[in-house]
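Student: Below are the structure tokens for one structure; questions will follow.
The values are calculated or read from the model by the stated rules, or taken from the named source; none is laboratory data. Since the structure is predicted, the reported quantities are computational estimates derived from the model, not experimental observations. Note that we place each Cβ from the backbone using ideal geometry, even for glycine, and neighbour counts take in every protein chain shown.
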């Protein structure tokens, strides 16, 4: 039974899954359905965490919009995620960057990896 589930999940994986890490600033191109129309909306922010789990892998992106922090969790292998583009690489020493939630302005920045 377990092998059948693994086969089905392997079919749903994206072949060209994007390469990014926690701390990177990314642009997520997500499909949004409004009525019968479909459009692509860009969400740009810092990756706070990545939770691995095969085809259930998710990543959380945080941005500041009009002074208010907005976090969105995206499934990596979802057909609603058109593409993920890395804007800059971040240099961090943690797996989860939850401390950024309490910081505002320059303190919420992540150093750039060269």
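Student: Got a number for residues in the range 65-89 being at pLDDT below 95, more than 27 Å from residue 12 (Cβ to Cβ) and surrounded by 15 or more Cβ atoms within 10 Å (Cβ to Cβ)?
Tutor: 1
Student: Any residue in the range 13-35 that's assigned to a strand (DSSP E or B): show its pairings with residues that are loosely packed, with under 10 Cβ neighbours inside 10 Å and modelled with pLDDT of 90 or more at Cβ separation under 7 Å, as long as the two are six or more apart or on different chains.
Tutor: Close Cβ pairs satisfying both conditions: 32/39.
Student: Applying the selection to the range 37-64, what residues are over 24 Å from residue 112 (Cα atoms) and surrounded by 15 or more Cβ atoms within 10 Å (Cβ to Cβ)?
Tutor: Result: 55, 57.
Student: Follow-up question, since we're still on this one. Taking the residues in the range 36-49 that are touching a strand residue (DSSP E or B) at 6+ places or on another chain (Cβ under 9 Å) and either assigned to a loop (DSSP other than H, G, I, E, B) or free of Cβ contacts under 8 Å to residues at least 24 places away in the same chain (or both) as candidates, determine which candidate is farthest from residue 108 (Cα to Cα). Outline the logic, then answer.
Tutor: So the first thing to find is which residues in the range 36-49 are touching a strand residue (DSSP E or B) at 6+ places or on another chain (Cβ under 9 Å), and the list is 38-49.
Next, only the ones that are either assigned to a loop (DSSP other than H, G, I, E, B) or free of Cβ contacts under 8 Å to residues at least 24 places away in the same chain (or both) stay: 38-39, 41-42.
Details: 38: 34, 39: 31, 41: 24, 42: 21 Å.
It comes out as 38.
Student: Is there any pair linking a residue in the range 50-69 that is on the phi > 0 side of the Ramachandran plot and in contact (Cβ under 8 Å) with a residue 24 or more places away in the chain to one that is surrounded by fewer than 15 Cβ atoms within 10 Å (Cβ to Cβ) and not in a loop (DSSP other than H, G, I, E, B), with Cβ under 6 Å and at least six apart or on different chains, and which?
Tutor: That search, which allows pairs on different chains as well, returns 54/9.
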